[in-house]
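A quick write-up on the structure given underneath.
The values are calculated or read from the model by the stated rules, or taken from the named source; none is laboratory data. Predicted model, so just to flag it, every value in this text is computed and none were measured. When we count neighbours, we look across all protein chains shown, and the Cβ atoms used for this are built from the backbone with ideal geometry, even at glycine.
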């Protein structure tokens, strides 16, 4: 799932029975839009642009995430490029996860060994002092 944030670009599909006229030369082609407010990962406010570049404020727009069914009425969705980048990032994170876990385990073992060394050094110096 791609988390929305203000300023991100999405594609907006207006409802066919829109109360206000929307200049859309090709209804099969969505309109460009900028996220203006994020309610949650599936609900956003937009500034959409009609086919003439005229801004169109739209509130409480469902954001369709990858794999979600497209709702009746208006909705926004991520551009194919953004979906591809998110998939690449997710695959890389999965690939790097075992290495990150191994690195944490090595660091924890090293820290534990250092604490053990410090403890034995302290005990040795205390024993030396007691014998003196």
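Among the residues making up region 67-80, those that are within 15 Å of residue 10 (Cβ to Cβ) and out of contact with any helix residue (DSSP H, G or I) (no Cβ under 8 Å at 6 or more places or on another chain) are 68, 70, 71, 74, 75, 76, 77, 79, 80. In region 28-37, the count of residues that are at pLDDT below 85, part of a loop (DSSP other than H, G, I, E, B) and exposed (fewer than 15 other Cβ atoms within 10 Å of the Cβ) is one or more. If you check 58, 64 for being closer than 15 Å to residue 13 by Cβ, modelled with pLDDT of 85 or more and within 22 Å of the chain's Cα centre (by Cα), only one passes: 64. Across region 89-132, the number of residues qualifying as modelled with pLDDT of 80 or more and loosely packed, with under 10 Cβ neighbours inside 10 Å comes to 2.
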